[in-house]
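Colleague: After the structure tokens below, expect a handful of questions from me.
The values are calculated or read from the model by the stated rules, or taken from the named source; none is laboratory data. Since this is a predicted model, take the numbers as computed values, not measurements. Cβ atoms come from the backbone with ideal geometry, glycine included; neighbour counts cover every protein chain shown.
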Amino acid sequence: MSAPPPLPAASDPAGDPDRPGVPALLPAADSTQADTPLGATPAAVRAWFDAALDSAIPVADGTLATAQQTARILARHAKADNTRRAYRAGVRAWCAWCSRHGLTPLPARPADIAAFLAAERYRPDGEKRLAANTLRLRVAAIGYLHYLAGCPSPTATAAVTETFAGLDRLAKQAGQGPRPKLAAKIGILREILAPIGDDLPGLRDRALLLLGFAGAFRRAELARIAVGDLEAAEHGLRITLPFSKGDRASKGVQVGIPYGASELCPVRALQRWRDAAGISTGPLFRRIWATPRPKDAPPDWQPIHVVGQSAVDPGTIARIVKARGEVAGFDAKALGGHSLKRGAMNTAKDRRVHPAQLKQLGRHRSYATLATYIEEGDLFEDNALNGVL
């Protein structure tokens, strides 16, 4: 996610005479400028931002003002839920830092944003330092805050972009850049599945892992699948994703899950889970609770598992992959929700599948995005000119 582009320059090129370095304000994006908390306390700015993101569509009354307000609210819904959550967290952190240092978060001075990035990256010993990618989201959130307020974005200035470029470069030199999760290719997936039992958690997790791999699903996609999204077909199962990262127009994406010829068949594993849990409608993968162990429980005591009504969240998907992988002897830190998708993509690559099919499997919009999922092959066997000379 990147920061919104800066708005057109204000009519007053001199900027704000009372705050050097801060450009003149544009008309607020939400109702009137008087409604925007310019120069307000950090707590007021944060509350306003949260309220702006939560705004409901007003009742239509045929007026221009209501139509304009509706358009502004619709524009906010162009952001994915994950993006909106990240922006909330970023604005919350920015306002908290401004509060500690007596600064005004809106409109912000570029020098203050640069100092914020430096402080969050280089915290005192004993405090967790934020990764460069997290700070990238912080910058985007501050830019979006100013967009909603009708202010030019201070994040596009050299003071901010050069500061971020410097911390990002030093982070990469120190080997602290983002590391892709371990690709759970078919061999690794077999090892992860081997210790899983046939109790309710085992049936759910087995079906979840196999379906996540077979469909090359992202963890958020996997968590959102409902029974109504499934359709039995002659050769397997057809799953319709109402929302997908690559489906910007929200037209819906269909994913085919073929029947397997071994005990790893994802379609049959999914049916076993549904039969055991009695799931005929609603979320496919649900939370499971276990009764607590009594103090006087016998050695062979087994908990009673209860399947809930709520769907698991994307974070739970990642925790399941980590926990099941750790039981199988893998480093939990190397695994994550993306391990299933990366594993599927690289298993297909190892089978010499055409790049066009790989792109279709991963539902990627471009080959550049596809390349980020594929691990390097053998330098000689996979050399593009192998056998030419």
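Colleague: Being part of a helix (DSSP H, G or I), at pLDDT 90 or above and under 27 Å from Ala318 (Cβ atoms) is the filter here; which residues of the stretch 165-199 pass it? Give the derivation first.
Modeller: We begin by selecting, within the stretch 165-199, every residue part of a helix (DSSP H, G or I); these are 165-173, 186-193.
From the residues that got through so far, the ones that are at pLDDT 90 or above too are 165-170, 186-193.
Listed by number, the residues that qualify are Leu167, Asp168, Ile186, Gly187, Ile188, Leu189, Arg190, Glu191, Ile192, Leu193.
Colleague: Mind counting the residues in the stretch 327-343 that are assigned to a helix (DSSP H, G or I) and either more than 19 Å from the chain's Cα centre (by Cα) or not hydrophobic (A, V, I, L, M, F, W, C) (or both)? Show your work before the answer.
Modeller: Narrowing the stretch 327-343 to residues assigned to a helix (DSSP H, G or I): 327, 332-334, 338-343.
From what's left, either more than 19 Å from the chain's Cα centre (by Cα) or not hydrophobic (A, V, I, L, M, F, W, C) (or both): 327, 332-333, 338-339, 341-343.
So the count comes out to 8.
Colleague: When you check Ala132 against the structure, is it exposed (fewer than 15 other Cβ atoms within 10 Å of the Cβ) and over 18 Å from Asp50 (Cα atoms), yes or no?
Modeller: Judged against the criteria, Ala132 is not a match.
Colleague: Name the residues in the stretch 66-102 that are in contact (Cβ under 8 Å) with a residue 40 or more places away in the chain, over 14 Å from Val45 (Cβ atoms) and assigned to a helix (DSSP H, G or I), would you?
Modeller: Passing the criteria: Arg72, Arg76, Asn82, Thr83, Ala86, Ala89.
Colleague: Here is a follow-up. Restricting to the stretch 344-372, name every residue that is of a type outside the set (Val, Ile, Thr), part of a loop (DSSP other than H, G, I, E, B) and without any contact (Cβ under 8 Å) to a residue 40 or more places away in the chain.
Modeller: The answer is Arg351, Arg352, His354, Ser366.
Colleague: Let me ask another. Only one of Ala108, Ala115, Ala93, Ala89 is in the same structural domain as Pro58 (by TED's automatic domain parsing) and more than 16 Å from Leu145 (Cβ to Cβ); which? Before you say what the answer is, go through the steps one by one.
Modeller: Numbers: Ala108 fails: more than 16 Å from Leu145 (Cβ to Cβ); Ala93 fails: more than 16 Å from Leu145 (Cβ to Cβ); Ala89 fails: more than 16 Å from Leu145 (Cβ to Cβ).
Answer to the check: Ala115.
Colleague: Anything in the stretch 202-228 that is surrounded by 17 or more Cβ atoms within 10 Å (Cβ to Cβ) and out of contact with any helix residue (DSSP H, G or I) (no Cβ under 7 Å at 6 or more places or on another chain)? List them, or say none.
Modeller: As a first pass, look at the stretch 202-228 and keep what is surrounded by 17 or more Cβ atoms within 10 Å (Cβ to Cβ): 202-225.
Within the stretch 202-228, Gly202, Gly215, Glu221, Arg224, Ile225 qualify.
Colleague: Follow-up question, since we're still on this one. Can you work out which of the residues in the stretch 122-164 that are in contact with a Phe, Trp or Tyr (Cβ under 9 Å, 6 or more places away or on another chain) and basic (Lys, Arg) is modelled with the lowest pLDDT?
Modeller: Here the residue is Arg129.
Colleague: Being out of contact with any strand residue (DSSP E or B) (no Cβ under 9 Å at 6 or more places or on another chain) and in contact (Cβ under 8 Å) with a residue 12 or more places away in the chain is the filter here; which residues of the stretch 275-286 pass it? First the steps, then the outcome.
Modeller: Start the filter on the stretch 275-286 by keeping residues that are out of contact with any strand residue (DSSP E or B) (no Cβ under 9 Å at 6 or more places or on another chain), which leaves 275, 280.
Passing the criteria: only Ser280.
Colleague: Output the number of the condition that Pro105 fails; it satisfies all remaining conditions of (1) assigned to a loop (DSSP other than H, G, I, E, B); (2) out of contact with any Asp or Glu (no Cβ under 8 Å at 6 or more places or on another chain); (3) without any contact (Cβ under 8 Å) to a residue 40 or more places away in the chain.
Modeller: With respect to (1) assigned to a loop (DSSP other than H, G, I, E, B); (2) out of contact with any Asp or Glu (no Cβ under 8 Å at 6 or more places or on another chain); (3) without any contact (Cβ under 8 Å) to a residue 40 or more places away in the chain, Pro105 is out only on (3).
Colleague: Follow-up question, since we're still on this one. Here are Lys333, Lys349: which of them is surrounded by fewer than 17 Cβ atoms within 10 Å (Cβ to Cβ), over 23 Å from Leu270 (Cβ atoms) and in the same structural domain as Ile257 (by TED's automatic domain parsing)?
Modeller: Matching residue, one of Lys333, Lys349: Lys333.
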